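The values are calculated or read from the model by the stated rules, or taken from the named source; none is laboratory data. Being a predicted model, the structure only gives us computed values, none of them experimental. Reconstructed Cβ throughout: ideal geometry from the backbone, glycine too, with neighbour counts over all protein chains shown.
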Amino acid sequence: MARTQPSAAHLALVGAIEGHGETATPTQIERWQQQGWLPKASEWLEPDSSTIRPEWLTRALWLAHTARAGRSIGWLGWVFWAIDDTPDSARRLRAALVATLKRPLARAGVEQLPVGDSDHAFQARQDAAARMMANRRSPRRDLDGILRDGAAAEGIELSRSPETAVPNIFHRALMEPGVRLLLGGATDVGIEDLLEAWEQAWPDHAEKIEYIREAHRQAELAGTDLMAQSPMAEGMSGMVHTIESADDGQLCAAVRRCTKASGVLGVLMQRAVYEPEILAWLMRDAMWDQWARVGGIAPDGAVGAAAVAISTFQYLAMPDWAADLERYLALMNTMLASRPEGGSSPGDGTEA
């Protein structure tokens, strides 16, 4: 069957894209529409004109620059859905976030995670955790150490993480109980399991660990389970529920803020290669440890999508954390404005 000829609007958008040094075909543009990244063609044009409206041309240029055949554009597509904030875009966004949170299970071949406190369900979760950890490598170096060494070569001394920050969050000893906590929540992992892991990953902070142990002990004597009060108390099922139960506006707003923050952080990190003092400034704030180095840095691909999904969960589930992210974003935007250089991206603070 012969293809339908491209509409005048599609040809106008192709021409406008080419006029800005990028390329796209009508077929590619149709795919972007199918993904919900562009609206129907009648909305692209200025009234009674063949000129493409600036907001849609800007988006199409980013799509042309980023999208390639056979390659996902990752969380950039989430930015567009979150900005549009329509029932359809929110539905797409919700499904993508949930699928991303569940991806580690899919990779481990776990189709359905048993729930409940039965021995069978517990053992099934332990087996799933073991499969997820199989052949997983843990970085030997901590991110802060790598950055400090690079800055030292430029004669700049970066601040060290406070005593409350574990140096290497990907330490093998931390990842094993972390995976079990993700799958089964506080039901499967007690505070003592976590403290024993911290003792291995954090050998020079025995006094701090004992302080945490005593705080939990005293809370338990008073009838309070601090683990049960954690946002991760229900593990992955609680994270998924938070995403699924948020209303459309809340969900889209959370993704807008988290992707914007990651975009701004990404630009600043790129500039920090030539201006290491930017790193010194970023690392002085508590949100470096609470967000930037544990999920704020969101590269392309599955790793970046997971980082954004987790940040979105935290933004929705932890109001105090969300307020701190807003504060850090405002400070990063101020720094970005003081160093005007290069272009912008849909996630770097220039979008609504």
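Checked against (1) assigned to a helix (DSSP H, G or I); (2) within 17 Å of Ala307 (Cβ to Cβ); (3) touching a Gly at 6+ places or on another chain (Cβ under 9 Å), Met232 meets all criteria but (1). Every condition in (1) crowded, with 17+ Cβ neighbours inside 10 Å; (2) within 26 Å of Gly301 (Cα to Cα); (3) touching a Phe, Trp or Tyr at 6+ places or on another chain (Cβ under 8 Å); (4) of a type outside the set (A, V, I, L, M) is met by Pro39 except one, and the failing one is (1).
Considered as a group, the residues in segment 241-251 that are touching a residue at least 24 places away in the same chain (Cβ under 8 Å) and closer than 16 Å to Met318 by Cβ include one that is surrounded by the fewest Cβ atoms within 10 Å (Cβ to Cβ), and that residue is Gln250. Within segment 301-346, take every residue that is of a type in the set (D, E, K, R) and in contact with a Lys or Arg (Cβ under 9 Å, 6 or more places away or on another chain) and give me the one that is modelled with the highest pLDDT. Selected residue: Glu326. Which one is farthest from Ala90 (Cα to Cα) among residues in segment 28-51 that are outside any loop (DSSP other than H, G, I, E, B) and within 30 Å of the chain's Cα centre (by Cα)? Ranking the candidates gives Gln28 first. In this structure, Gly19 does not qualify as touching a residue at least 24 places away in the same chain (Cβ under 8 Å) and either surrounded by fewer than 19 Cβ atoms within 10 Å (Cβ to Cβ) or of a type in the set (Val, Ile, Thr) (or both). Only one of the numbered conditions (1) crowded, with 16+ Cβ neighbours inside 10 Å; (2) basic (Lys, Arg); (3) at pLDDT below 80 is not met by Arg180, and that is (3).
If you check Leu251, Leu194 for being in contact with a Pro (Cβ under 7 Å, 6 or more places away or on another chain) and either closer than 29 Å to Val308 by Cα or among the polar types (S, T, N, Q) (or both), only one passes: Leu194. Looking at the structure I just gave you, is Arg103 assigned to a helix (DSSP H, G or I), of a type in the set (Lys, Arg) and under 21 Å from the mean Cα position of the chain (by Cα)? When the stated conditions are applied, Arg103 passes them.
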